[in-house]
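The values are calculated or read from the model by the stated rules, or taken from the named source; none is laboratory data. Values in this document were obtained by computation on a predicted structure and should not be read as measured data. We place every Cβ from the backbone using ideal geometry, glycine too, and count neighbours over all the protein chains shown. Surface accessibility is based on the protein's heavy atoms, side chains included, excluding ligands, DNA and RNA. Shrake-Rupley method; radii C 1.70, N 1.55, O 1.52, S 1.80 Å.
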Amino acid sequence: MAKENLTVVKEFILLGFSDLPNLQGFLFGIFSVIYLSILIGNGLLIVITKIDPNLQTPMYFFLGNFSFLEICYTSVTLPRMLADLWTQKRTISFLQCAVQTFFLYILGGAECLLLAVMAYDRYVAICKPLYYPLIMNRRVCIQLVVMSWIIAVPVLIEETYLIFCLNFCGPKTLNHVFCEAPPLLELACGDTYKAEVSVQVVALLFVITPFLLILTSYVKIIITILRLPSTSGRAKAFSTCSSHLMIVCLFYGSGSIVYLKPKSHHSTGSVKVLALFYTTVTPVFNPLIYSLRNKDVIAALRKLFPK
C-alpha cells in the first residue's frame with residue numbers, strides 16, 4: 001500500500017523571492033546589474049591577464065582562471081533566477097535540478113581548490129623567492145589548474161547521485177533560489193542520514209581541507225613578511241596577499257556556515273541569503289578587489305582604456 005500511495009516528484013517549485021511580490025521587478029533589475037557586473041568585471045580580468053605582458057606571471061595566470069571559474073559558477077544559478085523573476089514560472093524539472101546541483105558543486109569544489117592553489121603560489125613567491133621560477137613554472141601552473149577543475153568530479157558525481165536517489169514524495173516546494181543539498185534534504189522522504197553525513201564529509205573534504213592549506217600558507221607567509229627588514233617590502237608583500245585573503249574570507253565564510261553548521265540551527269532566510277552571498281557577492285567583488293588593490297591590474301586597465 002505504501003508503494004501504491006507513493007507520489008514521485010517530477011519537478012520542484014523554487015519559491016525564491018515569491019514572498020516579496022511587490023519587489024519582483026526591482027529584484028530582477030538588481031540581479032541583472034549584478035550578473036552583468038560579474039560578466040564584465042571578470043571578463044576584463046581574463047582579457048588583461050592574457051594580453052598584458054606585465055601580467056604574464058603565475059599569480060595572474062591563476063587569477064584569470066579564477067575569474068573564468070567565477071563566470072561559470074554564477075552562470076549556473078543567476079540566469080535561472082532571473083528567468084524565474086521575469087516569468088514568475090518557478091518550476092524546475094527533477095533532471096534540471098540535478099544538473100544544476102551537479103555543476104554548482106563541481107564549480108564550487110574547483111573554486112575551493114583553486115583558492116588553495118593561489119595561496120600556495122603566494123607562499124612560494126614570498127617564502128621561497130629564489131626558487132619561485134623553478135617551482136611555479138608554466139607546466140606546473142597548468143597542472144595545478146587542471147587538477148583543481150577535475151579532482152572533485154568523481155566524488156561530486158557520486159554525491160549528486162546519492163542526493164537525487166532519495167525519495168521525494170511531496171511537498172515539492174523548495175524555499176530557496178536554486179537547487180542544492182540543504183533544502184533538498186529537507187524535502188526527502190524516509191531516512192536521509194546517509195546523504196546528510198555524505199554532504200558533511202564532502203564539505204569537510206573540499207571546504208575545510210583547502211581552507212586549512214590556505215591558513216597554513218598564510219601563517220608561514222606572515223611569519224616571513226614580519227622578518228623582512230624593509231617596511232616598504234613588508235607593505236608590498238602584504239598588498240599582494242590581501243586581495244586573495246578578502247576573497248577567501250567572503251567565499252569560505254558564507255559557504256562553511258551553510259554546509260558545516262548543524263541542520264537544527266539553520267533558518268530558511270539565512271540559508272537563502274548566505275547562498276546568494278557565495279554565488280553572487282563573491283564573484284562581484286573579485287574584480288573590484290583585485291583591480292582596486294592592485295597597481296599592475298590598474299595599469300593594465302589604463303592601457304586597455306587609455307581615456
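The number of residues in segment 274-284 being surrounded by fewer than 18 Cβ atoms within 10 Å (Cβ to Cβ) and modelled with pLDDT of 80 or more comes to 1. Starting from residues that are part of a loop (DSSP other than H, G, I, E, B) and more than 18 Å from the chain's Cα centre (by Cα), keep the ones in segment 152-175 and report whichever is nearest to Leu14 (Cα to Cα). Of everything passing the filter in segment 152-175, Asn175 is nearest to Leu14 (Cα to Cα). Determine, yes or no, whether Ile214 is of a type outside the set (Asp, Glu) and open to solvent by 30 Å² or more (accessible area, probe 1.4 Å). So Ile214 fails the test. Applying a threshold of 6 Å to beta carbon distances and a minimum spacing of six or more residues, or different chains, the list of pairs starting in segment 199-220 at a residue that is more than 15 Å from Ile126 (Cα to Cα) and ending at one that is among the acidic types (Asp, Glu) reads Val202/Glu159. Inspect segment 81-99 for any residue being under 28 Å from Leu245 (Cα atoms), of a type in the set (A, V, I, L, M, F, W, C) and touching a helix residue (DSSP H, G or I) at 6+ places or on another chain (Cβ under 7 Å) and give the result as yes or no. Within segment 81-99, none of the residues are under 28 Å from Leu245 (Cα atoms), of a type in the set (A, V, I, L, M, F, W, C) and touching a helix residue (DSSP H, G or I) at 6+ places or on another chain (Cβ under 7 Å). Among the conditions (1) at pLDDT 75 or above; (2) in a helix (DSSP H, G or I), Ser239 misses just one, which is (1). Among the criteria (1) assigned to a helix (DSSP H, G or I); (2) touching a helix residue (DSSP H, G or I) at 6+ places or on another chain (Cβ under 8 Å); (3) at pLDDT below 90; (4) open to solvent by 20 Å² or more (accessible area, probe 1.4 Å), the one Tyr123 does not fulfil is (3).
Hey, could you check segment 176-202 for residues that are of a type in the set (Val, Ile, Thr) and not in a helix (DSSP H, G or I) and say which is farthest from Gly255 (Cα to Cα)?
Thr192
Every residue, every condition in (1) at negative phi; (2) open to solvent by 30 Å² or more (accessible area, probe 1.4 Å); (3) not polar (S, T, N, Q), yes or no:
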| position | (1), (2), (3) |
| --- | --- |
| Lys10 | yes, yes, yes |
| Ser37 | yes, yes, no |
| Leu45 | yes, no, yes |
| Ser67 | yes, no, no |
| Met81 | yes, no, yes |
| Leu95 | yes, yes, yes |
| Ala110 | yes, no, yes |
